Structure formats: structure tokens, C-alpha cells
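**Student:** The structure that follows is given in the form of C-alpha cells.
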Amino acid sequence: MSADIVVKAVMIGLAFASVVTWTVWLAKTLELTWAKRRLSQAFSDINASSTLAEAGQRLGGKKGIVSGLIELAAVELHLSADVSDKSGIKERVASRLDGLAAAAGRDMNRGTGVLATIGSTSPFVGLFGTVWGIMNSFIGISEAQTTNLAIVAPGIAEALLATAIGLVAAIPAVIIYNQFARQIGGYRAMIAEASAEVMRLVSRDLDRGFKVVKARAAE
């Protein structure tokens, strides 16, 4: 409590950064867990389907990335109903699915950048507090004109405390960021597999000629 105002500001800032780190960890953990569980259930539904329409019925209008993939595929099939080139249709469907998958990955990655920022800057902020505290210690020595430990110790103690708080804020942030990077990578892989399964349904429907049947019915 008797530390210099600058060192106090550094400590408060680092403590706030630590609170932000654990808040992001809790929120992102819940979000990832729920998203993976919902994606896994939806993937089981489409994996057991033989057509794109059946997959949509199995999902029953549920919200999620898989429902979005199926809707985009259905939209492209509808827009390409008068096209006979199956390979071109598949390329356009794949392009739409890749775009949605990339957007979902970016959305899930949102919020983790602050962890990288905290992990990389907190040690330097703590070091700044350390340098400032040691500087004050030397000023105290020069004013007292003595090297008595009672005069030097408080400044050094507050300086070391600033360093310690910086490490306490940085180390969990780095660990949590790396953990989320791996988990989000796994989530993206799950989306890619779901996208591939939707493409297989599209290819199966095109080979069966379902697109032509739907186009005639629409007319």
C-alpha cells in the first residue's frame, strides 16, 4: 500500500489483466464445449442420412454450423438447377461451404487475441514497475545518504512484487491461449469433416439426378 503511485498503477493494471484472462477462459471454454457437442450431434445426424433433404429433416431446423452448411448447399443446388455440369456445381457448393467454415473458425477464434496480448505484454509491464521501484530505491538511498537495509528494502520489495504480478498475469494467459489454439484447431477440423460429409450428400444427390427432379417440380 505504501508503494509509489506508478507501481500501484502497474499492479492494478496487471491484476485487471489477470481477471480478464480468467473471464475469457471461462466464457470461451463454455462456448467451445457447447459448440463441439452440438456439432458432434449434428454430424451424427447427417452421417446417417442418404440425401441432403433427409439430413435437413433430421436436423429439424436446429441452428448451428451444420444447418448452415446444408442450407448453403441447398441454395446453390437450387440456383444451379438449370446447369448440367455436375463438377461445376460441386465446385460452387464447395466454395460456399469453405467460406462458411472459415467464417465459423474466425468467430470461434474471436476473443483469444486478448490472451496473446496479455501474455506477451504483461512481463514487460511488470518489468517497468520493477525498474521504477528500483529507481525509487536509489533515490531513497541518495536522499538518506545511507545504504541501510530498512531504507532500501521497501523499494526493492515493491519492485519485485510488480515483476511477480506480471508473471502471474502472463503465464496463465499464454497457457490458456495455447490450449484454445489447439481446441479451436480441433473444432475447425470437425467443421471440415462436416463440410466434407455435406459434399458427399450433394454428390450423391447429383449422381441420382435429384436436382433435375426438383427443378421440374418447381416449374
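The values are calculated or read from the model by the stated rules, or taken from the named source; none is laboratory data. Only a predicted model underlies this, so the values are computations on that prediction, with no experimental measurement involved. Using ideal geometry, Cβ is built from the backbone for each residue, glycine included, and neighbour counts are taken over all protein chains shown.
**Student:** Applying the selection to the range 187-207, what residues are touching a residue at least 60 places away in the same chain (Cβ under 8 Å) and of a type in the set (Gly, Ala, Ser)? Walk me through how you get there before you give the answer.
**Tutor:** Of the range 187-207, the ones touching a residue at least 60 places away in the same chain (Cβ under 8 Å) are 187-188, 190-195, 197-199, 201-207.
Hits for the range 187-207 are Ala192, Ala194, Ser195, Ser203.
**Student:** Here are Ala218, Ala181, Ala194: which of them is within 30 Å of Ser67 (Cα to Cα), of a type in the set (Gly, Ala, Ser), modelled with pLDDT under 75 and out of contact with any Pro (no Cβ under 7 Å at 6 or more places or on another chain)? Give the steps one after another, and end with the answer.
**Tutor:** On the way: Ala181 fails: modelled with pLDDT under 75; Ala194 fails: modelled with pLDDT under 75.
Criteria check complete, one pass: Ala218.
**Student:** Another one. In this structure, is Leu72 touching a helix residue (DSSP H, G or I) at 6+ places or on another chain (Cβ under 7 Å), of a type in the set (A, V, I, L, M) and under 30 Å from Ala116 (Cα atoms)?
**Tutor:** Values: touching a helix residue (DSSP H, G or I) at 6+ places or on another chain (Cβ under 7 Å): yes; of a type in the set (A, V, I, L, M): yes; under 30 Å from Ala116 (Cα atoms): no.
Against the criterion (touching a helix residue (DSSP H, G or I) at 6+ places or on another chain (Cβ under 7 Å), of a type in the set (A, V, I, L, M) and under 30 Å from Ala116 (Cα atoms)), Leu72 does not qualify.
**Student:** Filter the range 155-170 down to the residues that are over 12 Å from Met11 (Cβ atoms) and within 29 Å of the chain's Cα centre (by Cα), then identify the one that is surrounded by the most Cβ atoms within 10 Å (Cβ to Cβ).
**Tutor:** So, considering only residues that are over 12 Å from Met11 (Cβ atoms) and within 29 Å of the chain's Cα centre (by Cα), the one surrounded by the most Cβ atoms within 10 Å (Cβ to Cβ) is Ala170.
**Student:** Across the range 176-190, what is the total count of residues that are within 15 Å of Thr117 (Cα to Cα), surrounded by fewer than 16 Cβ atoms within 10 Å (Cβ to Cβ) and hydrophobic (A, V, I, L, M, F, W, C)?
**Tutor:** 1
**Student:** A follow-up question, please. Output the residues belonging to the range 191-209 that are basic (Lys, Arg) and either buried (at least 17 other Cβ atoms within 10 Å of the Cβ) or under 25 Å from Ile118 (Cα atoms) (or both).
**Tutor:** none
**Student:** Filter the range 76-100 for residues that are in contact (Cβ under 8 Å) with a residue 60 or more places away in the chain and charged (D, E, K, R); which is nearest to Lys63 (Cα to Cα)?
**Tutor:** Asp98
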